[in-house]
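A quick write-up on the structure given underneath.
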Amino acid sequence: MAKKAKKIVLVSGARPNFIKIAPLMRAMQRSYAARLQAILVHTGQHYDYEMSQAFFEDLEIRQPDYFLGVGPGSHAVQTARIMMAFEEVCVKEQPDLVAVVGDVNSTVACALVAKKLEIGVAHVEAGLRSRDLSMPEEINRLVTDVLSDFLFVSERSGVANLQQEGKPESAIFFVGNVMVDTLYLQLARLAKPEDNKPAGPFAVMTLHRPSNVDHDAKLREIMEAITAIAGDLPVHFPVHPRTRQRLEATGLLTRLPQSGIEFLPPLPYQAFLRLWKDAALVLTDSGGLQEETTALGIPCITIRENTERPVTITEGTNLLAGTTFSGIMAAYAEFKTTGGKKGRVPELWDGKAAERIVKVLAANL
Ligand code: UD1
């Protein structure tokens, strides 16, 4: 008699999650449909069309089986709401495994619920460490990894971190980067004619980290540096909702000399890729974009003091600038002198990470 398919609940909640879930869903469907049943949960942590539904459409992710509709809130409120709603899903579905991705509040909330119900947990993008506990994501990463039975790692530093923390070798799987799976697939799918491509060299910027945008003085200092850069190289800036709120509240959006900075709404995956793949330079505080620029060999200046993705620096195109005016300008000066950091694509960032993950799960569940 054929064995019953194992039930895996896949959790997604915020914009970067959707990019990581897409290849996992595809790999489960393509190779293991008879053995693994995917139940897709969207917590509703991100809810604007541009931050959520637009990604489902671009990445061809089917409608979720459960939409928990939690919306915004303080960390405690948002995490608690996700936990309460997700517990009901787990009790009803009795899955064999809960798979979480990345480091957002949905990731840690659902891992915690599953583990307390004695359901196995898989963490995709395990082992990354910034060692900066003022970052909510670092707390989410640490707690999620403590709870996880399968630790799927995107770069070798993550393996070393997990080993140092005493995780058993049998739980650690170095599989590569699912975000790069999506990048390669969507790059191949981009519609050919490109009418709206900016003429001449340009930079693309994203900024949303609370430590950079929630403090007026810090946001002002960063935007001063970006304004100075934009005088030399036009900057296209799709603005995250959190950042837009802060730019509006501080009056910066109207006060900033807009010559050179083009403020855009948050862009869906393909429209954003179409833009940044041709950029001379990317400026960002995002985790994912540090990796994506390394995968495509585009110079990246990271507006942070640290990174949990060190391979983007040791092997990739990433330069850590810090968050001061002088730090960002020094990094830009280096970019101008050298033409940008050259790098190579890290090990196993080959578009097949999700296949490896699903193979491990199929063999072990
Ligand atoms: C979250 C993640 C962060 C990730 C980022 C990607 C956590 C702790 N943080 O940060 O790791 O890099 O997503 O985007 O999980 N908002 C909207 N519309 C939306 C979503 C949010 O207007 O669709 C507003 C909220 O009302 C809130 C602000 O944006 O005021 C921040 O949203 P939140 O989910 O708290 O965190 P992010 O900054 O998006």
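The values are calculated or read from the model by the stated rules, or taken from the named source; none is laboratory data. No experiment lies behind these values; they were computed from the predicted model shown. Cβ sites come from the backbone with ideal geometry, for glycine too, and all protein chains shown count toward neighbours. Only protein heavy atoms, including side chains, enter the accessible area calculation; ligands, DNA and RNA are left aside. Shrake-Rupley method; radii C 1.70, N 1.55, O 1.52, S 1.80 Å.
Only one of the listed residues (Ser211, Ser170) is open to solvent by 30 Å² or more (accessible area, probe 1.4 Å), polar (S, T, N, Q) and outside the structural domain of Leu296 (by TED's automatic domain parsing). That residue is Ser170.
When Leu190 is tested against the conditions (1) farther than 30 Å from Lys7 by Cα; (2) more than 16 Å from the ligand (Cβ to nearest atom); (3) touching a Ser or Thr at 6+ places or on another chain (Cβ under 9 Å), the lone failure is (3).
Checked against the criterion of being out of contact with any Lys or Arg (no Cβ under 7 Å at 6 or more places or on another chain), closer than 30 Å to Gln258 by Cα, at pLDDT 95 or above and open to solvent by 20 Å² or more (accessible area, probe 1.4 Å), region 195-204 contains one or more residues that satisfy it. Within region 99-131, the set of residues being crowded, with 24+ Cβ neighbours inside 10 Å and of a type in the set (D, E, K, R) comprises Asp103, Glu125.
One residue stands out in region 145-156 among those that are farther than 18 Å from Ile8 by Cβ and out of contact with any Asp or Glu (no Cβ under 6 Å at 6 or more places or on another chain): the one that is nearest to the ligand (Cβ to nearest atom), namely Asp145. Quick one: in region 98-131, of everything that is touching a helix residue (DSSP H, G or I) at 6+ places or on another chain (Cβ under 8 Å) and basic (Lys, Arg), which residue is farthest from the ligand (Cβ to nearest atom)? In this case the residue turns out to be Lys115.
In the condition set (1) within 16 Å of the ligand (Cβ to nearest atom); (2) surrounded by fewer than 17 Cβ atoms within 10 Å (Cβ to Cβ); (3) of a type outside the set (Gly, Ala, Ser), Glu165 is compliant with all but (1). When Glu60 is tested against (1) of a type in the set (D, E, K, R); (2) away from the ligand (no atom under 14 Å from the Cβ); (3) within 28 Å of Asp285 (Cβ to Cβ), just one condition goes unmet, and that condition is (3).
Can you tell me which residues in region 136-162 are under 13 Å from Val108 (Cβ atoms), in contact (Cβ under 8 Å) with a residue 60 or more places away in the chain and open to solvent by less than 20 Å² (accessible area, probe 1.4 Å)?
Let us first name the residues in region 136-162 that are under 13 Å from Val108 (Cβ atoms), namely 136-148.
Next, from what is left, pick out any that are in contact (Cβ under 8 Å) with a residue 60 or more places away in the chain: 136-138, 141.
Once the filter is applied, which keeps residues that are under 13 Å from Val108 (Cβ atoms), in contact (Cβ under 8 Å) with a residue 60 or more places away in the chain and open to solvent by less than 20 Å² (accessible area, probe 1.4 Å), region 136-162 yields Glu138, Arg141.
Being on the phi > 0 side of the Ramachandran plot and assigned to a loop (DSSP other than H, G, I, E, B), is that true of even one residue in region 161-181? Checked region 161-181: at least one residue is on the phi > 0 side of the Ramachandran plot and assigned to a loop (DSSP other than H, G, I, E, B).
With respect to Ser52, is the statement that it is of a type in the set (Ser, Thr, Tyr) and surrounded by fewer than 17 Cβ atoms within 10 Å (Cβ to Cβ) true?
Values: of a type in the set (Ser, Thr, Tyr): yes; surrounded by fewer than 17 Cβ atoms within 10 Å (Cβ to Cβ): no.
Here the answer is no, as Ser52 does not meet what is asked.
Mind listing whichever residues of region 132-144 are within 12 Å of the ligand (Cβ to nearest atom) and touching an Asp or Glu at 6+ places or on another chain (Cβ under 6 Å)? Those that are within 12 Å of the ligand (Cβ to nearest atom) and touching an Asp or Glu at 6+ places or on another chain (Cβ under 6 Å): Glu137, Glu138, Asn140, Arg141.
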